[in-house]
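Worksheet: one structure, shown below.
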Amino acid sequence: MKVLITASECSPVVKVGGLGDVVGSLPKALKKAGLDVRIVIPGYKDLLIPTIAGQEARDFVIHYAGTAQKVILHKTSLPDTDIPLYLIENDTYISNGGIYLDPSAFASSQDEIERFAFFSKAVVELFVAREDVFFPDIVHCNDWHTGMIPQLIKAEARYIELSRPATIFTVHNLANQGISSTNVIEKLDGDELSKYPYIKWDAADNNLDFIMQGILGSDVVNTVSPSYAEEIKTSAFGEGLNGVIKAKEARVFGVLNGIDTDVFDPQKDPYLKFNYFLDDVETVLAGKTANKKALQEELSLQITSSPMLGLVSRLTNQKGIDLFVNSMDELINMGFQVVVLGTGDRMLEDMIRSKIEEPECRGNCAGIIKFDEGVARRIYASSDIFAVPSRFEPCGLTQMIAMRYGAVPVVRSVGGLKDTVSESVSGFLFDSFDQRSLLSAMNKARRSYEDKNVWKKIVGNCISADFSWDKSAKEYILLYGKALGFSISK
Ligand code: ADP
C-alpha cells in the first residue's frame, strides 16, 4: 500500500507541537509494517537551506488563482530513516516567511490560510494529477492546513483514468479550523468546487471552514484518541462542528497517538546530562535525582530534594496555563519546586513572567519562555510530577513523554489524557476545571510521593506503559483499508 502523509509540520525538521511529533514518528511504524510511506510538507523558507542542500529537486508549474506558479519539489528523507520526505518550495505563497504567523499556532490571517490552500493545490497537482512523482493509494491529511485536499482530489478525479487515491483526514485539534474567505474557491478550482453541495452549503455564510471540508470531503475521519472522538460529537467539545461530526459518525474513529520511543528515550537522550536506564525503578529514581540537581543548577533554582513539578506546553487557552499559574502559590506552599517551559500567547507568557518575579517564587520556580527541545527533555527527566491541566486535550503527548521519563502526570480528565493516565496507578486525574480540583489531585500526588513504596510502584507503572506506535500504526492500516473501500464504493 502506498501512502502519502501530508501536514504543516514534521519533527525533527519542523515542529511547533504534537502534530510535528506525530507526522515525524507514525511513518516509521507504518514503514516497519511494510507500507511504502512518504511525507510532503511546505518548504518554509527557514527549512530550505538546512534540509535540502544538495538533494534531488524538480521544477513544476501549479495552477492557482488564474496564475501559473513555479514550485520546486525537493526530495530528501526523514532524518535517520529512508522514508522519502518532500518539501514544496514556492516564493509567493509558501517560502516567504516563518512557519505559522501567530505564536499560538492558530490560523490567523487570510495570507496564512492561502499559504495552505496553495500548498494543498500543489500536493494534488504533483501527487494525484500526475503519475511520475509518486501516485499514492491513500492520501493522509492532517488538520485544517490540508483540509481542502480531499475535495481537491475529488475535483481532480474527473480527469483520472485510474481510481482516485482514498483520503483519510486526521483531526489533531478541532479548535483550530482555518476559516477562509470564499474567494479561495475560485482560486483553487471554481468551476468544479462550487458545484459541490458541502462547499456551497459551507460558503453560504461567506466563509469556508477548511477543517470542516476535510471532515466532510474525506473517505474516513479520525481523531487522535478514542475519548476525543466521542467528545467532539457534543456541543461542549465540538467547536460548532458537533452536528457535522455526528452526521458522519459511522466514519469517525479514534486512534490514540503514540510517541517515538527511540527519540524520547532517557537511556540515550542526547539532551540529558545524565542518561539513565529504564530497567528498574531504583535506577530511574537515581537518574532523575542526578538530572534534577543539574537542572536546578542550570536554572539557578534552589538545590533541594523537594519534588519538582514540571509543565511543558504551547501557551494557549486550551492548555489551562491560567489555572496552573493561578494555583502556583498553593503549589509552592505544598512544597513543590515548579518549572514551566512554554511559548505562545503573549498574555500567558506575561502571566508566567510576572509570577516568577514574585518574591516567594524566587529559587522555587522557573518560567522559561521559549521553544527549546533540550530544556523540554531535561524537564521531563528531572520532574517528579508533571502537570497537564488542559481545558480540552485531543490526545496530548507530554503526559506520555513524562511517563516514559519516570515523571508522574497529574492531568485533567479529558480526551486523550484520560485514555492514557490511570488514577492512582500511573498518575492522578481531576474532573472540574477549577483550582480546588487541580490542587486536590496535586495533593494526592504529593502525599503518594512521600510514601516511597507507593511512589516506586507508580513510577514503575509509568515507565512500563507501552506508548510505542506499533499498536496505533496497525489501527491506521485498518483505517486505510476502510478508506479504500469507501472510495471505491462511491
Ligand atoms: P500540542 O500538540 O497541543 O501542542 P502535545 O502534548 O500533543 O500538545 O505535544 C506537544 C509537543 O511539543 C511535545 O513534544 C512537547 O514536548 C513539545 N513542546 C511544547 N512546548 C514546547 C517548548 N516550549 N519547547 C520545547 N518543546 C515543546
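The values are calculated or read from the model by the stated rules, or taken from the named source; none is laboratory data. This one's a predicted model, so the numbers in the text were calculated from it and none came from an experiment. In this analysis, Cβ positions are derived from the backbone assuming ideal geometry, glycine residues included, and neighbour counts consider all displayed protein chains. Side chains are part of the model used for accessible areas, which takes the heavy atoms of the whole protein and leaves out ligands, DNA and RNA. Shrake-Rupley method; radii C 1.70, N 1.55, O 1.52, S 1.80 Å.
Here is how the numbers come out for the structure above:
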{"quantity": "Filter result for Leu101 (within 28 Å of Asp36 (Cβ to Cβ), away from the ligand (no atom under 16 Å from the Cβ) and of a type outside the set (Phe, Trp, Tyr))", "calculated": "no"}
{"quantity": "Pair list, Cβ < 7 Å and 6+ apart or interchain, from segment 292-312 residues that are of a type in the set (S, T, N, Q) to residues that are open to solvent by 10 Å² or more (accessible area, probe 1.4 Å)", "calculated": "Gln296/Gln302; Gln296/Ile303; Gln302/Gly363; Gln302/Asn364; Ser306/Gly335"}
{"quantity": "Selection count, segment 255-269, where residues are within 13 Å of the chain's Cα centre (by Cα) and farther than 12 Å from Asp21 by Cβ", "calculated": "1"}
{"quantity": "Filter pass, Met347 being away from the ligand (no atom under 14 Å from the Cβ), surrounded by fewer than 24 Cβ atoms within 10 Å (Cβ to Cβ), assigned to a helix (DSSP H, G or I) and under 23 Å from the mean Cα position of the chain (by Cα)", "calculated": "yes"}
{"quantity": "Contacts under 6 angstrom Cβ, first residue in segment 18-29 being of a type in the set (Gly, Ala, Ser), partner assigned to a helix (DSSP H, G or I) and more than 13 Å from the ligand (Cβ to nearest atom), 6 or more apart", "calculated": "Ala29/Asp470; Ala29/Ala473"}
{"quantity": "Residue in segment 270-287 that is more than 29 Å from Ser25 (Cα to Cα) and either within 16 Å of the ligand (Cβ to nearest atom) or more than 27 Å from the chain's Cα centre (by Cα) (or both) present", "calculated": "yes"}
{"quantity": "Candidate set from segment 297-315 (those that are surrounded by fewer than 23 Cβ atoms within 10 Å (Cβ to Cβ) and more than 22 Å from Trp455 (Cα to Cα)); member that is farthest from the chain's Cα centre (by Cα)", "calculated": "Gln302"}
{"quantity": "Checking Tyr271 against (1) more than 18 Å from Ile401 (Cβ to Cβ); (2) in contact with a helix residue (DSSP H, G or I) (Cβ under 7 Å, 6 or more places away or on another chain); (3) open to solvent by 60 Å² or more (accessible area, probe 1.4 Å); (4) not charged (D, E, K, R), the condition it does not meet", "calculated": "(1)"}
{"quantity": "Residue that is nearest to Tyr100 (Cα to Cα) [pool: residues in segment 182-230 that are more than 26 Å from the chain's Cα centre (by Cα) and among the small types (Gly, Ala, Ser)]", "calculated": "Ala203"}
{"quantity": "Lone unmet requirement of (1) β-branched (Val, Ile, Thr); (2) open to solvent by less than 30 Å² (accessible area, probe 1.4 Å); (3) touching a residue at least 60 places away in the same chain (Cβ under 8 Å) for Val128", "calculated": "(3)"}
{"quantity": "Residue under evaluation Glu330, criteria (1) more than 16 Å from the ligand (Cβ to nearest atom); (2) under 30 Å from Asp279 (Cβ atoms); (3) touching a residue at least 60 places away in the same chain (Cβ under 8 Å); (4) surrounded by fewer than 18 Cβ atoms within 10 Å (Cβ to Cβ), criterion not met", "calculated": "(2)"}
{"quantity": "Selected residue [open to solvent by less than 10 Å² (accessible area, probe 1.4 Å) and either within 16 Å of the ligand (Cβ to nearest atom) or within 27 Å of the chain's Cα centre (by Cα) (or both)] from Phe336, Phe324", "calculated": "Phe324"}
{"quantity": "Leading residue by the ranking (farthest from the ligand (Cβ to nearest atom)) among those in segment 222-249 that are free of Cβ contacts under 8 Å to residues at least 60 places away in the same chain and of a type in the set (Gly, Ala, Ser)", "calculated": "Ala247"}
{"quantity": "Residue in segment 29-42 that is touching a Gly at 6+ places or on another chain (Cβ under 9 Å), surrounded by fewer than 23 Cβ atoms within 10 Å (Cβ to Cβ) and closer than 27 Å to Asn183 by Cα present", "calculated": "no"}
{"quantity": "Glu330 touching a helix residue (DSSP H, G or I) at 6+ places or on another chain (Cβ under 7 Å), under 23 Å from Ser448 (Cβ atoms) and among the charged types (D, E, K, R)", "calculated": "yes"}
{"quantity": "Single condition Ser354 does not satisfy, out of (1) small (Gly, Ala, Ser); (2) more than 8 Å from the ligand (Cβ to nearest atom); (3) touching an Asp or Glu at 6+ places or on another chain (Cβ under 9 Å)", "calculated": "(3)"}
{"quantity": "Of residues in segment 169-206 being among the charged types (D, E, K, R) and open to solvent by less than 30 Å² (accessible area, probe 1.4 Å), the one nearest to the ligand (Cβ to nearest atom)", "calculated": "Asp202"}
{"quantity": "Any hit, segment 56-74, residues being within 21 Å of the chain's Cα centre (by Cα) and away from the ligand (no atom under 16 Å from the Cβ)", "calculated": "no"}
{"quantity": "Those residues of segment 452-467 which are of a type in the set (Lys, Arg) and either closer than 16 Å to Ala286 by Cβ or open to solvent by less than 70 Å² (accessible area, probe 1.4 Å) (or both), in sequence order", "calculated": "Lys452, Lys456"}
{"quantity": "Failed item in (1) at pLDDT 95 or above; (2) of a type outside the set (S, T, N, Q); (3) not in a loop (DSSP other than H, G, I, E, B), with Glu112 passing the rest", "calculated": "(1)"}
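Per-residue answers, yes or no, for (1) closer than 30 Å to Tyr100 by Cα; (2) open to solvent by less than 10 Å² (accessible area, probe 1.4 Å):
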position	(1), (2)
Thr343	yes, no
Met351	yes, no
Gly363	no, no
Pro394	yes, yes
Thr420	yes, no
